[in-house]
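Student: First the structure, then my questions, so here it is.
The values are calculated or read from the model by the stated rules, or taken from the named source; none is laboratory data. Computed from a predicted model, the values in this text were never measured in an experiment. All Cβ positions, glycine included, derive from the backbone under ideal geometry; neighbour counts span all protein chains shown. Ligands, DNA and RNA are excluded from the accessible area calculation, which covers all protein heavy atoms including side chains. Shrake-Rupley method; radii C 1.70, N 1.55, O 1.52, S 1.80 Å.
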Amino acid sequence: MATVQVSEAEKLYVLHGVRDDLRVDGRSCEDYRHMEIETDVVSNTDGSAKVTLGHTNVLVGIKAEIGKPKPMVPDEGYLEFFVDCSANATPEFEGRGGEGLGIELSNTLYKVFSNKHSIDLKSLCIRPGENCWVLYVDVLLLQCDGNLFDAISVAIKAALFNTKIPRVHISEDEDGGKEIELSDDPYDCVRVNVENVPCIVTLCKIGHRHVVDATLQEKACSVASLLISVTHRGTVTCVRKVGGGSLDPESIFEMTETGKRVGKALHTPLMELLQKEESLGSKRQKVGFLG
């Protein structure tokens, strides 16, 4: 994880600001930084999205391919995650420096998203026990300025919303065998239902309070963090503690309640933005270097 060096005087300044609900950049403890979302930015994928949160940049591409269902769940498709930490994001990722973080992020994303409570995996099944859709989710960290999990989760939800899976037609040949035919019509496709797809809210414990969307400087002042994945109804689907410090039960309860409240409030404007952008179609303005 990218880190910065913070002096004791700076730590004290951040600590007193958080105590008074006034952070260094003027936000309150439960405020996110400015967020920009753009979908359909990579042409050779079935769905893609780019998210900018402060100075954190994340690009997500999703490719749908036909594979074989897992033996334990023969009537479900599944997701595979791969996270690439670009050396341009921070000098710490040069060489093989980002591999450990990439594996950690991939494992967490699999727990959060690849389950029946987040996505209707049965809808990805083509023929039980024979064929299913496998969604390969590739995440590229372009720039790192704290709060990676939140930015990645929003980007994944936006990319899943943008994903168009070709409609499948199953026919029989002369010998009675099954043949799979994919529709050539780009408009004849199946969309992924993202209603229950959660967003991750990361809360960092600083002093006796906790903050949402911590910067790298605030992260350096934090003893421990709590990752909470929350659906649009405020249901918690996954909780994970990060960091070497400890959290007492009362802090965990307070952070969980804050995460549920913040996460629930995040979903509504996110979905409104995605639906508004899609309604513009080809008229929408492309921004950034990917435009």
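Student: As a test of the formula, what do you get for the chain when each DSSP H run with n ≥ 4 contributes -39,500 (n - 2.57) and the sum is divided by the residue count, at 222 nm and rounded to the nearest 500 deg cm²/dmol? Spell out each step's value before the answer.
Tutor: Values: 5 runs with 79 residues, N = 291.
Roughly -9000 deg cm²/dmol at 222 nm, from the helical runs in the chain.
Student: Estimate the FRET efficiency between M271 and K178 by the formula 1/(1 + (r/R0)^6), using the beta-carbon distance for r and 45 Å for R0, to the nearest 0.05. Spell out each step's value before the answer.
Tutor: Working: r = 37 Å, r/R0 = 0.83.
So, using R0 = 45 Å, E works out to roughly 0.75.
Student: Something else now. About its Cα centre, what dipole magnitude does the range 77-117 give when the only charges are +1 on Lys and Arg Cβ and -1 on Asp and Glu Cβ, stated in debye to the nearest 20? Working shown, then result.
Tutor: Working: 3 positive and 6 negative charges, 57 e Å.
Value, rounded to 20: 280 debye.
Student: Please compute, for the alpha-carbon atoms of the range 84-131, the extent along each of the three principal axes and give them in descending order in Å.
Tutor: Principal axes ranked by extent give 46, 22, 15 Å for the Cα atoms.
Student: Continuing with the same structure: Can you compute the charge dipole magnitude of the chain about its Cα centre, using +1 on each Lys and Arg Cβ and -1 on each Asp and Glu Cβ, nothing else charged? Give it in debye, rounded to the nearest 20. Walk me through the numbers on the way to the answer.
Tutor: On the way: 32 positive and 44 negative charges, 176 e Å.
Value, rounded to 20: 840 debye.
Student: Using a Gaussian network model of the chain whose springs link C-alpha atoms within less than 10 Å, name the residue from S153, S43, S28 with the highest mean-square fluctuation.
Tutor: Sorting by GNM fluctuation, first place goes to S43.
Student: OK, next. Roll a 1.4 Å probe over the protein heavy atoms and report the accessible area of E10 in Å², nearest 10.
Tutor: Rounded to the nearest 10, the figure is 100 Å².
Student: Positive end of the dipole of the chain, charges at C-beta (+1 Lys, Arg; -1 Asp, Glu), about the Cα centre: which of G17, T108, L226 has its Cα farthest in that direction?
Tutor: Sorting the options by dipole projection puts first G17.
Student: Right, next: Picking from P198, Q143, A214, whose Cα lies most toward the positive end of the charge dipole for the range 62-219 (charges on Cβ: Lys, Arg +1; Asp, Glu -1)?
Tutor: With unit charges placed on the Cβ atoms, the residue in question is A214.
Student: Which order do T235, T52 take when ranked by solvent-accessible area (1.4 Å probe, heavy atoms of all protein chains), largest first? Can you show the working numbers first?
Tutor: Details: T235 75, T52 25 Å².
So the residues, ranked largest to smallest area, are T235, T52.
Student: Skipping prolines and chain starts, which residues have an amide H placed within reach, meaning under 5 Å, of the one on V73, given they are 5 or more residues away or on another chain?
Tutor: Distant-sequence amide H within range of V73: zero hits.
Student: Probe radius 1.4 Å, ligands and nucleic acids left out: which of M72, M255, M35 has the largest accessible area, and how do the rest follow?
Tutor: From most exposed to least exposed: M72, M35, M255.
Student: Okay, moving on. How much accessible area does H16 have with a 1.4 Å probe, in Å² rounded to the nearest 10?
Tutor: Spelled out: H16, probe radius 1.4 Å, area about 70 Å².
Student: If you don't mind, there's one more thing I want to ask. If you fit an axis through the alpha-carbon atoms of helix 8-19 and take the longest principal axis of the Cα set of the chain, what angle between them do you get, 0 to 90°, nearest 10?
Tutor: 70
Student: Further question on the same structure: Just in the range 123-199: which trypsin sites (Lys or Arg not before Pro) are loop by DSSP and have at most 15 other Cβ atoms within 10 Å?
Tutor: On the way: sites: K157, K164, R167, K178, R191; in loops: R167.
Hits after loop and neighbour filter: R167.
Student: Would you kindly find the accessible area of I119, with a 1.4 Å probe and non-protein molecules such as ligands, DNA and RNA excluded, rounding to the nearest 10 Å²?
Tutor: Approximately 0 Å² for this residue.
Student: Name the residue farthest towards the positive end of the dipole of the chain from the options A87, L270, P249, assuming +1 on Cβ of Lys and Arg, -1 on Cβ of Asp and Glu, about the Cα centre.
Tutor: After comparing all options, I get P249.
Student: Here's something else I'd like to know. Helix 249-280 against the longest principal axis of the chain: what's the angle in degrees, Cα atoms only, rounded to the nearest 10?
Tutor: 50
Student: Something else now. Inverting the mean 1/r over all pairs of different Cα atoms, compute the Kirkwood radius of the range 1-153 and quote it in Å.
Tutor: Values: mean 1/r = 0.0565 Å⁻¹.
The Cα-based Kirkwood calculation yields 17.7 Å.
Student: Now, a different point. The chain: longest stretch without exposed chymotrypsin sites (Phe, Trp or Tyr not before Pro) (DSSP loop, at most 11 other Cβ within 10 Å), sites themselves excluded? Please report the intermediate quantities before stating the final value.
Tutor: Working: sites that count: Y187, F289.
Counting at most 11 other Cβ atoms within 10 Å as exposed, the longest clean stretch of the chain is 1-186.
Student: Measure nothing fancy, just the Cα-based angle from helix 148-162's long axis to the longest principal axis of the chain, in degrees from 0 to 90, nearest 10.
Tutor: Once rounded, the angle reads 30 degrees.
Student: While we're looking at this one, here's another question. Name the most mobile residue of V223, V168, V14, meaning the one with the largest mean-square fluctuation, in a Gaussian network model of the chain with Cα contacts below 10 Å.
Tutor: V168
Student: Moving on to the next point. Rounded to two decimals, what ratio of Rg to Rh does the chain give with C-alpha atoms and a Kirkwood Rh?
Tutor: Result: Rg/Rh = 1.01.
Student: How big is the C-alpha Rg of the range 22-63 next to the rule-of-thumb value 2.2 N^0.38 Å, as a ratio? Show your work: numbers first, answer last.
Tutor: Details: Rg = 14.0 Å, N = 42, 2.2 N^0.38 = 9.1 Å.
Taking the Cα Rg and dividing by 2.2 N^0.38 Å, one obtains 1.54.
Student: How about the range 33-127: which trypsin sites (Lys or Arg not before Pro) there are in a DSSP loop, with at most 12 other Cβ atoms within 10 Å of their Cβ? Please report the intermediate quantities before stating the final value.
Tutor: Numbers: sites: R33, K50, K63, R96, K111, K116, K122; in loops: R33, R96, K116.
Loop-located and lightly packed - R96, K116.
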